[in-house]
1. Got a sec to turn the phi values of segment 52-58 into Karplus ³J(HN,Hα) couplings, 6.51 cos²θ - 1.76 cosθ + 1.60 with θ = phi - 60°, whole Hz, x for Gly and Pro?
2. Leaving out ligands, DNA and RNA but keeping every protein chain, what accessible area does Leu71 have, in Å² rounded to the nearest 10, with a 1.4 Å probe?
3. Dipole of segment 51-99 (Lys/Arg Cβ +1, Asp/Glu Cβ -1, origin at the Cα centre): which of Asn80, Leu61, Leu96 lies farthest to the positive side?
4. Not counting ligands, DNA or RNA, and with a 1.4 Å probe, what is Ile82's accessible surface area in Å² rounded to the nearest 10?
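The values are calculated or read from the model by the stated rules, or taken from the named source; none is laboratory data. Everything numeric here is computed off the predicted structure, so don't read it as measured data. Cβ placement follows ideal geometry from the backbone for every residue including glycine, while neighbour counts extend to all protein chains displayed. We work out accessible area using only protein heavy atoms, side chains counted, and drop any ligands, DNA or RNA first. Shrake-Rupley method; radii C 1.70, N 1.55, O 1.52, S 1.80 Å.
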Amino acid sequence: MTTSQVIHSDLESVQSYEYATSPPTESPSGVWGSEVNKVVLRRQQNKEFAKKSRIRKRAHLQTMEATVSALEAENESLRNGIAQLVVANEFIALELKILEDQLGGGTSDD
């Protein structure tokens, strides 16, 4: 259905309601013209609101994607830090074992 068909359909609904509730105080063209303007204005406002909504949604999505990228980079950095600490811990544990063996070996000779 085209926009003009929708407007015409809406106009017919408004016109039938107007005639059913009370007779128009103005000429039919004046009443219908103002109703058409209202319908057109409402549709235009809805289009503008939808466009702004899509722009806000796109901006929010871009912000979220940037946040995800930053968090993924931070996660990778933290994982690398953990891996380095694990290696350092293994090295220290090995040194401790060597020192304990030396200390244990020195006390048994006494």
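1. With coefficients 6.51, -1.76 and 1.60, one gets 4, 5, 5, 5, 4, 4, 5 Hz.
2. Approximately 100 Å² for this residue.
3. Going by the Cα projections, it comes out as Leu61.
4. 100 Å²
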